[in-house]
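A short worksheet on the structure shown next.
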Amino acid sequence: MPDKPVGKHVIADFSGCSFDILNSKEFLQEQAISAAEKCGATVINAFAFQFEPQGVTVNLTLSESHLALHSYPEHGYLAVDIFTCGDTCQPEVALSYLQEKIQPKHVKMNTCPRGYFEINEESKIGK
């Protein structure tokens with residue numbers, strides 16, 4: 001295992017969001033791309049899908065990993081998933097940008113270092 005994390009994974013729940021914002025494929029894709037660029041990531045591919053009767057999924061493939069948004073307009077809810085490898089990107093910057101643009105009433109966030117853990121007896125496979 002590496003001696004430091006290889007990446008950072010930020011997941012967030014935005015609630016109390018506008019139905020119209022969460023149901024706009026173009027707006028969410030545009031904001032996801034801007035958020036990725038603002039945090040220092042390089043967008044390789046962007047894909048957005050509009051569900052019927054409502055809802056949007058946006059997936060960005062980044063040189064540094066991925067950024068995904070999944071909206072549930074009928075619940076005012078947006079799931080945010082940002083994983084960046086290395087130490088040149090700051091996924092919290094992307095999250096702050098999205099929060100500013102989407103304006104949820106509530107945000108719940110978790111950050112997890114990825115690709116590193118201390119080896120001990122509890123973490124060994126097949127113990």
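The values are calculated or read from the model by the stated rules, or taken from the named source; none is laboratory data. Since the structure is predicted, the reported quantities are computational estimates derived from the model, not experimental observations. Note: ideal-geometry Cβ built from the backbone for every residue, glycine included; neighbour counts use all protein chains shown.
Summary of computed values
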| item | result |
| --- | --- |
| Complete set of residues in segment 70-97 that are assigned to a strand (DSSP E or B), crowded, with 17+ Cβ neighbours inside 10 Å and in contact (Cβ under 8 Å) with a residue 24 or more places away in the chain | SER71, TYR72, TYR77, LEU78, VAL80, ILE82, PHE83, THR84, CYS85 |
| Residues being assigned to a strand (DSSP E or B) and crowded, with 17+ Cβ neighbours inside 10 Å - total across segment 13-40 | 1 |
| Single match in VAL10, VAL43 (criterion: free of Cβ contacts under 8 Å to residues at least 24 places away in the same chain, under 19 Å from GLU92 (Cβ atoms) and surrounded by 15 or more Cβ atoms within 10 Å (Cβ to Cβ)) | VAL43 |
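One line per residue, one yes/no per condition, for (1) at pLDDT 95 or above; (2) under 15 Å from GLU26 (Cβ atoms); (3) out of contact with any strand residue (DSSP E or B) (no Cβ under 9 Å at 6 or more places or on another chain):
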| residue | (1), (2), (3) |
| --- | --- |
| LYS38 | yes, no, yes |
| ALA41 | yes, no, no |
| GLN54 | yes, yes, no |
| THR57 | yes, yes, no |
| HIS66 | yes, no, no |
| LEU69 | yes, yes, no |
| GLU74 | yes, no, yes |
| THR88 | no, no, yes |
